[in-house]
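The values are calculated or read from the model by the stated rules, or taken from the named source; none is laboratory data. Quick caveat: nothing in here was measured; it's all calculated off a predicted structure. Backbone-built Cβ (ideal geometry, glycine too); neighbour counts: all protein chains shown. The area values use the complete protein model at the heavy-atom level, side chains included, leaving out ligands, DNA and RNA. Shrake-Rupley method; radii C 1.70, N 1.55, O 1.52, S 1.80 Å.
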Amino acid sequence: MVFLETYLAATRDPALHAEVTAIMAGFRGRLARWLAGRGVVDPDAVAAVVGAAVDGLMLHRGLDPRLTAGFVAPVLTRLAVVHAEEE
């Protein structure tokens with residue numbers, strides 16, 4: 001819930017907005033470099049979507065305690081495997 005509250009506050013506070021944006025950009029940059037090293041097509045876009053998905057999962061986890069790593073990881077793995085097989 002701290003993430004949600006922080007994001008909401010960042011919409012009203014320019015300094016906090018800049019800080020949160022920098023954190024997000026850092027995460028996306030590190031993830032994109034990792035993905036690029038593994039041959040992922042358009043790693044910047046993939047990193048942006050994965051980051052947003054993780055944020056969404058954290059938000060939903062506050063309302064649905066079943067969304068643990070053990071619940072989510074197999075689903076994400078299946079999505080990644082299906083995508084890899086399509087290419």
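Tabulated data
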item: Selection count, the range 1-28, where residues are over 25 Å from Ala80 (Cβ atoms) and in a helix (DSSP H, G or I); result: 17
item: Residues of the range 60-72 satisfying the condition of being open to solvent by 80 Å² or more (accessible area, probe 1.4 Å) and charged (D, E, K, R); result: Arg61, Arg66
item: Answer from Asp44, Asp55 - the residue that is within 24 Å of Thr6 (Cβ to Cβ), out of contact with any Leu (no Cβ under 6 Å at 6 or more places or on another chain) and either touching a residue at least 24 places away in the same chain (Cβ under 8 Å) or small (Gly, Ala, Ser) (or both); result: Asp55
item: When residues of the range 29-44 are limited to those that are in a helix (DSSP H, G or I) and more than 21 Å from Val75 (Cβ to Cβ), the one least open to solvent (accessible area, probe 1.4 Å); result: Ala32
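Per-residue answers, yes or no, for (1) of a type in the set (S, T, N, Q); (2) at pLDDT below 90; (3) surrounded by 11 or more Cβ atoms within 10 Å (Cβ to Cβ):
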| residue | (1), (2), (3) |
| --- | --- |
| His17 | no, no, yes |
| Val20 | no, no, yes |
| Phe27 | no, no, yes |
| Val46 | no, no, yes |
| Val54 | no, yes, yes |
| Met58 | no, yes, yes |
| Pro74 | no, no, no |
| Glu85 | no, yes, no |
